[in-house]
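For reference, the structure discussed in these notes is given below.
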Amino acid sequence: MHRTLKAEAIEPVAYDRRAQQKQFDRWRWEFNHERPHESLGQATPESVYRKSSLTYRGPVEPTYPPSYIIRRVRTSGEIRWRGGKRFIGEAFVGQTIGISQSGPGKHLVYFHHYLLGEIDDAEKTGMKPAICIRSQ
């Protein structure tokens, strides 16, 4: 799809943003309403699309056990921690994270129930990311 999009809607690039958007809109209409897709048995995406019965209710604010320390990630991707700042990640800006002590001077950092990493009070840098090992 991306190769087709590039070939048909981007090359050559339009003169200005408005003209480029028109090219995208034309391409999207053809792609979804007119062009048959092999993966759909030569049907168009529009002909097989069904609106979901689920309703999106917005993001769920995470909850943490009472023993956790709660911090909101700042616009810089950092939190205030023990008189300084620790980088958690820009992906978490505005989100609350939970911090649980795991040992002397060591703290595990969670987003919802996902372990993000560890803060070591002896090191004044950011958070050490959690290592995820996947079985093959």
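The values are calculated or read from the model by the stated rules, or taken from the named source; none is laboratory data. Quick caveat: nothing in here was measured; it's all calculated off a predicted structure. Cβ atoms come from the backbone with ideal geometry, glycine included; neighbour counts cover every protein chain shown.
Suppose we filter the stretch 50-76 for residues that are part of a loop (DSSP other than H, G, I, E, B) and surrounded by 10 or more Cβ atoms within 10 Å (Cβ to Cβ); how many remain? Reasoning before the result, please.
Initial filter on the stretch 50-76 (part of a loop (DSSP other than H, G, I, E, B)): 50-68, 73-76.
Now drop any that are not surrounded by 10 or more Cβ atoms within 10 Å (Cβ to Cβ), which leaves 62-64, 68, 73-74, 76.
So the count comes out to 7.
Farther than 30 Å from residue 11 by Cβ, of a type in the set (Lys, Arg) and either modelled with pLDDT of 95 or more or touching a strand residue (DSSP E or B) at 6+ places or on another chain (Cβ under 8 Å) (or both) - does that describe any residue in the stretch 93-108?
At the first step, the residues of the stretch 93-108 found to be farther than 30 Å from residue 11 by Cβ are 93-108.
Then drop every residue that is not of a type in the set (Lys, Arg), which leaves 106.
Narrowing the set further to residues that are either modelled with pLDDT of 95 or more or touching a strand residue (DSSP E or B) at 6+ places or on another chain (Cβ under 8 Å) (or both) leaves 106.
Yes, that holds for at least one residue.
Would you point out which residue out of 100, 67 is touching a residue at least 12 places away in the same chain (Cβ under 8 Å) and in contact with a Leu (Cβ under 7 Å, 6 or more places away or on another chain)? Please lay out each step first, then the result.
On the way: 67 fails: in contact with a Leu (Cβ under 7 Å, 6 or more places away or on another chain).
From the options 100, 67, the qualifying one is 100.
Any idea which of 57, 80 is under 25 Å from residue 116 (Cβ atoms), among the basic types (Lys, Arg) and outside the structural domain of residue 123 (by TED's automatic domain parsing)? Break it down into steps so the answer makes sense when it comes.
Values: 80 fails: outside the structural domain of residue 123 (by TED's automatic domain parsing).
The conditions single out 57.
Report yes if some residue within the stretch 52-68 is in contact with a Lys or Arg (Cβ under 9 Å, 6 or more places away or on another chain) and of a type outside the set (Gly, Ala, Ser); otherwise report no. Lay out the reasoning, then the answer.
If we filter the stretch 52-68 for residues that are in contact with a Lys or Arg (Cβ under 9 Å, 6 or more places away or on another chain), which is where we start, we get none.
No.
Being surrounded by 11 or more Cβ atoms within 10 Å (Cβ to Cβ), farther than 15 Å from residue 126 by Cα, at pLDDT below 95 and among the hydrophobic types (A, V, I, L, M, F, W, C) is the requirement here; does residue 40 meet it?
Values: surrounded by 11 or more Cβ atoms within 10 Å (Cβ to Cβ): yes; farther than 15 Å from residue 126 by Cα: yes; at pLDDT below 95: yes; among the hydrophobic types (A, V, I, L, M, F, W, C): yes.
Yes.
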